[in-house]
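Undergrad: The structure's right below; bear with me while I get my questions together.
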Amino acid sequence: MMAEPAARLSDSATPRGFAIKLAGVSKTYDNGLVALAPLDLDVLKGEFVSLLGPSGCGKSTALRIIAGLIAPTSGQVQVAGRASRSIGFVFQEPTLMPWATVRDNVRLPLRLAHVAREDADRRVSDALARVGLAEFAETYPRELSGGMKMRVSLARALVTDPDVLLMDEPFAALDEITRFRLNNDLLVLWRELHKTIVFVTHSVFESVFLSQRVIVMTARPGRIESEIHVDADPRDESFRTSAAYAAFCREASTALARASERKGAS
């Protein structure tokens, strides 16, 4: 089946208030693997949404379709923004250039976009300051911890000032203390920068702590099993240890267990 290209529409072409709209989006790979059943998903501007589901359910596939990295087999993708590529992507692995300094790794998207040196320097310095790495600008990746490498990857995604930030299990390989710290820092960035964030995770606890809405997906082929709206303010250590947080986590765990047993295709 020939893939239809994902639509990349301007802000004016996307319904007001929405950052992302997926309508009937499916994905079947050339080998016949059906990764996504028809998927409908709306994400509001400035919303923090997590995709939670069992391994292989198509969470990362959906994220890559939103980013325009792969085309859907069917359906339409609408992404609002100042430009059709106003998207930042943070992968599970930092994928840093080992021969380049932290500054040069973060500068890469601006260099590819031919941004003037003076403007690029200012934007790189600002991005590094926001992720707490200003003093490590001239350091090489081999000298950084896993958490610091992920901060570099986050700075590189932010340096272009995207409207939408897509994050594919960025903290999965980190120890719990580092993961909690990065969760906290990511929420600070989200509040300050007002980005729309779609975050893929296997962790019930992470999804509930970070997200305004948790989208639970079924086993492959992936589709939406349920949505959990997490009404929490503030999102800080007091929330992480609260009865409300525990209740949301139980709800998400139950939905995930149900989704893991259910095939996406009806």
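Undergrad: Regarding the stretch 100-108, can at least one residue be identified that is over 24 Å from VAL79 (Cβ atoms), among the hydrophobic types (A, V, I, L, M, F, W, C) and touching a residue at least 24 places away in the same chain (Cβ under 8 Å)?
TA: So in the stretch 100-108, the residues over 24 Å from VAL79 (Cβ atoms) come out as 100-105, 107.
Cutting the leftovers down to among the hydrophobic types (A, V, I, L, M, F, W, C) gives us 100, 102.
With the extra rule that they be touching a residue at least 24 places away in the same chain (Cβ under 8 Å), the set shrinks to 100, 102.
Within the stretch 100-108 (the criterion being over 24 Å from VAL79 (Cβ atoms), among the hydrophobic types (A, V, I, L, M, F, W, C) and touching a residue at least 24 places away in the same chain (Cβ under 8 Å)), the answer is yes, since at least one residue qualifies.
Undergrad: Looking only at residues in the stretch 235-266 that are over 21 Å from the mean Cα position of the chain (by Cα) and assigned to a loop (DSSP other than H, G, I, E, B), which one is surrounded by the fewest Cβ atoms within 10 Å (Cβ to Cβ)?
TA: For the stretch 235-266, the residue satisfying everything is SER266.
Undergrad: What number of residues within the stretch 128-156 satisfy the criterion of being outside any loop (DSSP other than H, G, I, E, B) and either under 19 Å from ILE87 (Cβ atoms) or among the aliphatic types (A, V, I, L, M) (or both)?
TA: Number satisfying all stated conditions: 11.
Undergrad: Mind checking which residues of the stretch 157-194 are among the small types (Gly, Ala, Ser) and either modelled with pLDDT under 95 or in a loop (DSSP other than H, G, I, E, B) (or both)? Let's see the steps before the verdict.
TA: Of all residues in the stretch 157-194, those among the small types (Gly, Ala, Ser) come to 157, 172-173.
ALA172, ALA173 - these are the residues of the stretch 157-194 that are among the small types (Gly, Ala, Ser) and either modelled with pLDDT under 95 or in a loop (DSSP other than H, G, I, E, B) (or both).
Undergrad: Exactly one condition in (1) more than 27 Å from TRP99 (Cβ to Cβ); (2) modelled with pLDDT of 95 or more is false for GLY222; which is it?
TA: GLY222 satisfies all of (1) more than 27 Å from TRP99 (Cβ to Cβ); (2) modelled with pLDDT of 95 or more except (2).
Undergrad: Which one of the conditions (1) closer than 30 Å to LEU41 by Cβ; (2) surrounded by 15 or more Cβ atoms within 10 Å (Cβ to Cβ); (3) without any contact (Cβ under 8 Å) to a residue 60 or more places away in the chain does GLY88 fail to meet, given that it meets all the rest?
TA: Status for GLY88: all satisfied but (3).
Undergrad: Taking the stretch 54-67 as the region of interest, how many residues are under 18 Å from THR28 (Cβ atoms) and assigned to a loop (DSSP other than H, G, I, E, B)?
TA: Looking only at that region, the number is 3.
Undergrad: Also, I was wondering about something else. Can you name the residue in the stretch 81-98 that is within 14 Å of the chain's Cα centre (by Cα) and part of a loop (DSSP other than H, G, I, E, B) and, of all such residues, is modelled with the lowest pLDDT?
TA: SER86
Undergrad: Need the failing condition index for ASP185 against (1) on the phi < 0 side of the Ramachandran plot; (2) surrounded by 17 or more Cβ atoms within 10 Å (Cβ to Cβ); (3) among the charged types (D, E, K, R); (4) out of contact with any Pro (no Cβ under 9 Å at 6 or more places or on another chain), just the number.
TA: So the condition that ASP185 fails would be (2).
Undergrad: Here's something else I'd like to know. Go over the candidates ILE215, ILE197, ILE228 one by one and state the one that is buried (at least 19 other Cβ atoms within 10 Å of the Cβ), touching a Phe, Trp or Tyr at 6+ places or on another chain (Cβ under 6 Å) and either outside any helix (DSSP H, G or I) or in contact (Cβ under 8 Å) with a residue 12 or more places away in the chain (or both). Steps first, answer last, please.
TA: Working: ILE215 fails: touching a Phe, Trp or Tyr at 6+ places or on another chain (Cβ under 6 Å); ILE228 fails: touching a Phe, Trp or Tyr at 6+ places or on another chain (Cβ under 6 Å).
Step by step, each of ILE215, ILE197, ILE228 is checked, and only ILE197 is buried (at least 19 other Cβ atoms within 10 Å of the Cβ), touching a Phe, Trp or Tyr at 6+ places or on another chain (Cβ under 6 Å) and either outside any helix (DSSP H, G or I) or in contact (Cβ under 8 Å) with a residue 12 or more places away in the chain (or both).
Undergrad: While we're here: Spot the failing condition for ASN105; the list is (1) surrounded by 14 or more Cβ atoms within 10 Å (Cβ to Cβ); (2) in a loop (DSSP other than H, G, I, E, B), and only one is missed.
TA: (2)
The values are calculated or read from the model by the stated rules, or taken from the named source; none is laboratory data. Note that the structure is a prediction, hence the values are computed from the model and not measured. Neighbour counts run over all protein chains shown; Cβ positions are idealised from the backbone, glycine included.
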